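This report concerns only the one structure given below.
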Amino acid sequence: MTASLVHALVDDAGLFPPTALGMADAVERHRADLAGGSVVLSHRFLCPASRTGELCAHLAEGDRFRVGLVADTGADGLAGAVAEITGDTRLELAMVEFPLARVGADEPAAALAATRDALDAAGIAPAIPVFAEPASWTDVDHLVVAIAARRDAFRLKLRCGGVRAELFPSPEELAAALVVAARADVTVKATAGLHHAVRYTDSTTGFVHHGYLNLLVAAAEATGGADPATLAETLRSTDRGTLLERAAGLDRATVAATRRLFTSYGSCSTATPVTEARGFGLLARTSEP
C-alpha cells in the first residue's frame, strides 16, 4: 500500500461539534495546517453558510483558503454566503455539502431537483462538487438511485456519528450504503464520528465510533464486489493489526478505486488523523509530512 490511500482524506471540520473551535482558533489552526502541508489533509476548510461573513473577517491578507460550504440553513442565505466567498480573493469555493432535511420534499429525486434549483439561484457552478446528505438512513438506497441519475451534479454524504447516540449508523447500515454506492458508481464522503483510525468506544460518552481505516478497507471491499455482510464485519473490527495488513495488501488499482468511492471525511481534529496515519505506517512510502 502507498500513502495514496490516505492522501487528502481529511477535511477540516474544526468549527463543528464536538470540538467546535471559535472562528479565530479554527482559522489559525487551518493556517498552520496549510503551512505544515500534510498529505493526509485535503486542506479544505468546512464552513457553515451562516458563518462565511465571520470567516472573511478573520482572514489575513495573505491567506488562501479552499472552502467546503455546508448549507446549514438550506437554501436560505446560500446566495449571500456564495457571494461572500466568490467576492473575496482569499477564498475559493471547493465544494458544497447540502442536507436534504432542509428541503421541503420527501422524495429523493424531487429533493435533488429542489437543491439544484437552490444552487443555481445562488450562482454555484455545476462543476462544483455537491454532496447531498440524506434526511435519514432509510432514504439512502433511493437517494443513491436518484444521485446515480444525476451523477454530474451530485455525490453522497454519509453521517457516521455526532453528539447523540442515534446519529451513529450501525455497521450494517453503513456497509449497505457503501455497497449500494459502489454498485451505482456514486462517490461518497463521510462526516462526524470518525475520530480515530480504528473502531473504538469513547470512554466519556460510551458511544461506539467507526474508524476511518475500517471505512477505507470496507470501501475497498465494496469496490471489489463484496456483500454488505462482509463489509459490516470489517466495520465492526477493532483489530488494528489485521486492518493495517489488509490495507497494506491493496494494489494501486484498488487504492485508486477505493478513493474514487470514498473521497474524504470531515474531522474536528486535523492532528489526530495525521499522527495516527504516521504512527501506523500509512505514510511509510512517502517523504512528505
Under a Cβ-only charge scheme (Lys and Arg +1, Asp and Glu -1), can you give me the dipole magnitude of the chain about the Cα centre, in debye to the nearest 20? 640
Hydrodynamic radius by Kirkwood, which averages 1/r over all alpha carbon pairs of segment 164-236, in angstrom: 12.3
Given contacts defined as C-alpha pairs under 8 Å and at least six residues apart, what's the relative contact order of the chain, whole-number percent? 22
If eta is 1.567 mPa s and T is 4 °C, what Stokes-Einstein diffusion coefficient results for segment 88-220, Kirkwood Rh from Cα pairs, in µm²/s? 83
What percentages, rounded to whole numbers, describe P(r) for segment 1-129 computed over all alpha carbon pairs with 5 Å bin width beginning at zero? 2, 10, 20, 21, 18, 14, 9, 4, 1
Please provide three numbers in whole Å: the alpha-carbon extents of segment 3-278 along the principal axes, with the largest listed first. 48, 42, 38
Neighbour counts of other C-beta atoms within 10 Å: give me Ser170, Ser237 arranged from fewest to most. Ser170, Ser237
Rg and Dmax of segment 41-94, Cα atoms only, in Å: 10.4, 31
Over 10 Å intervals from 0, what percent of Cα-Cα pairs in segment 118-157 sits in each interval? 30, 50, 20, 0
Below 8 Å between Cα atoms, with a sequence gap of 6+, how large is the relative contact order for segment 30-123 in percent? 26
Pairwise centroid distance, computed over Cα atoms, of segment 90-148 with segment 4-57, Å: 22
Which whole-number percentage describes the relative contact order of segment 107-225, with Cα contacts under 8 Å and a sequence gap of 6 or more? 21
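Rule-based calculations on the coordinates, nothing more; no lab input. For clarity, every value in this text was computed on a predicted model and none was experimentally measured. Neighbour counts run over all protein chains shown; Cβ positions are idealised from the backbone, glycine included.
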